[in-house]
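Below you'll find the structure, written out as structure tokens, and then a few comments.
Nothing in this text is a laboratory measurement; each read-out follows from the coordinates by a stated rule. Keep in mind the model is a prediction, meaning the values are calculated, not measured. Note: ideal-geometry Cβ built from the backbone for every residue, glycine included; neighbour counts use all protein chains shown.
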Amino acid sequence: MIQFTETVLRDANQSLIATRLPFEKFEPILSEMDKADYYSCEVWGGATFDVCLRFLNEDPWERLRKIRKGMPNTKLQMLLRGQNILGYAHYPDDIVRRFVRKSVENGIDIIRIFDALNDVDNLKVAIEETVKSGAMASGAISYTISPVHTLDNYVKLVKEMASMGVGSICIKDMAGLLTPKNAYDLVSAIKDAVDLPVVMHTHCTTGLAFMTYLKGVEAGADVIDTAISPFSGGTSQPATETLSYTLRELGYDINLNKEALHNIAAYFKPIRAEYLENGTLNPISLTTDTECLQYQIPGGMLSNLLSQLKMLNASDKFEEALKETPKVREDMGFPPLVTPTSQLVGNMAVQNVLAGERYKNVSSEIKAYCRGEYGKTPAPINPEVRAKILGDVKPIEGRYAETLPADTFEKAEEKLGDLAKCEEDVLSYIAFPSVAEKFLTDRKAKEENIWTFSIEEVK
Ligand code: CO
């Protein structure tokens, strides 16, 4: 049987309309989605948390509880960036544990855990706590291509994640670089190495996704991430209906509820039209971009490079910056190009080109990366480059998280005072300090107004 994870409420929402769907907009369809027989629905994590607080004036925890209530029979899934939780900074272990526990308590069943460098030291605490909390940890590979990202190394990573207690392995191809052939080989290798379900995650960006899933399924993949048709394609996932139709015809056992899918698509169609019209959904996000196959650089990174150069009045250096990017990536030990490493490498390449000397102008993030604050790199950092960047600064030994202060939670609690009503509020603040503080302050003001109003009413 091939099962489906529906991404419309998280990745599709994030990739096409910058996570701008407020809860009220999808609340009416939750009961129908609950009937679709999905393997799981990805509903939380990634950018949802930040955007809820920053732009939608929604408490992300409350959103999760409401989704849980609206879909009591479906497994709810979230995406977690290992030791970074939902952001890019490293957090101490007890914060990671608290966040995982509260996510599960508020309704999450499956936590997909990944790290930008595939460093298992950044995954293990989150995986351990997920399992302890009674949820399923899905260990994700941040997929990339490089001389050190061999099948053998992926298999080694998968075995380590299996020994940590993950319930499934996810191949997370954030840029749409996974080809049908490589998908077939990778899924086969994972299936040979461990006795765990394999989940595939890709994006349609380069146009490969449907073929990639098909070959992955032929090799034994168990679950695929798809989006209901109105929110599929382009930078999002392939369409749920198309893949269920195709795979069913090919003889695979698919138990998705066709009628529910039809109703869900009908519901989201006018929403897509609305976002297209108001400009939130950019038609460019819906096209196929094959340039990134040639450069093996994620599409988002190409456009970032170009806009950065434009701002510096140096658009003519684009080709040069493009050629510099793989060199910097190699010097940095071949990190997968995903946030935040894609920004680190891209900015460094631009600086190198503009300065006319390599590693002359270095950002504090690159210094931190070379110190080892982001974790262990896939290959060693070029020692000469590292020495030039670090100077007298000593690299970190062991896990960076263990060097972080142990009283982060207590300090945040103290800082918030009566703005925080529960542990969840404090965790929101730790994850996104300024936006959460503003959200909690506004909430308090609103509640006080309601209170004054009701006293006047009584009078
Ligand atoms: Co994705």
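Percent relative contact order of the stretch 3-277, based on C-alpha pairs within less than 8 angstrom and at least six residues apart? Provide the component values of the computation, followed by the final result.
Values: 524 pairs, mean separation 50.8, N = 275.
Once normalised by length, the contact order is 18 percent.
Between the amide H of S168 and those of G139, distances stay under 5 Å, these residues lying 5 or more places away or on another chain, with hydrogens modeled in the peptide plane.
When only the Cβ of Lys, Arg, Asp and Glu is charged (+1, +1, -1, -1), the dipole of the stretch 127-196 relative to its Cα centre reaches about 80 debye.
What the phi angles of the stretch 303-319 give under the Karplus curve with 6.51, -1.76 and 1.60, with θ = phi - 60°, is a coupling list of 5, 4, 4, 5, 5, 5, 5, 4, 4, 8, 6, 9, 4, 5, 8, 4, 4 Hz, glycine and proline written as x. The Rg/Rh ratio for the chain, using Cα coordinates for both the radius of gyration and the Kirkwood hydrodynamic radius, is 0.97. Count Lys and Arg as plus one, Asp and Glu as minus one, and take only other residues whose Cβ is under 9 Å from that of S146; the net charge is then 0. Placing dummy labels 7 Å off each Cα toward the beta-carbon, the span from T280 to K310 is 2.3 nm. Within the straight-line cut-off of under 23 Å between alpha carbons, the lysines reachable from K310 are K323, K327, K360, sequence neighbours fewer than 8 places apart in one chain being disregarded.
Would you work out the charge dipole size for the chain about its Cα centre, treating the Cβ of every Lys and Arg as +1 and the Cβ of every Asp and Glu as -1, and quote it to the nearest 20 debye? If you can, show how the numbers build up before the last one.
Values: 51 positive and 65 negative charges, 93 e Å.
Charge dipole, the chain, about its Cα centre: 440 debye, nearest 20.
When chymotrypsin sites (Phe, Trp or Tyr not before Pro) are flagged only if DSSP places them in a loop and at most 16 other Cβ atoms lie within 10 Å, the longest unflagged stretch of the chain comes out as 253-459.
Once you charge only the Cβ atoms, +1 for Lys and Arg and -1 for Asp and Glu, what is the size of the charge dipole of the stretch 309-459 about its Cα centre, to the nearest 20 debye?
On the way: 22 positive and 27 negative charges, 159 e Å.
The dipole magnitude comes to about 760 debye.
Only Cα pairs under 8 Å and 6+ residues apart enter the sum, and on that basis the relative contact order of the chain stands at 16 percent.
Cross-link partners for K159 among the aspartates and glutamates, with Cα-Cα distance under 20 Å and sequence neighbours closer than 8 places in the same chain left out: D115, D119, D121, E128, E129, D173, D185, D192, D195, D222.
Cα centroids of the stretch 42-109 and the stretch 262-320: how far apart, whole angstrom? Result: 26 Å between the Cα centres.
Electrostatic bookkeeping for Q14 treats Lys and Arg as +1 and Asp and Glu as -1; over the other residues with beta carbon under 12 Å from its beta carbon, the sum is -1.
Near the amide H of D115, within less than 5 Å, lie the amide hydrogens of S142, all on another chain or at least 5 residues away, with H placed in the peptide plane. Checking the cross-link pairs K25/K132; K132/K444; K35/K156; K132/K376; K156/K215 against a 28 Å limit on the alpha carbon distance flags K25/K132; K132/K444; K35/K156 as lying beyond it.
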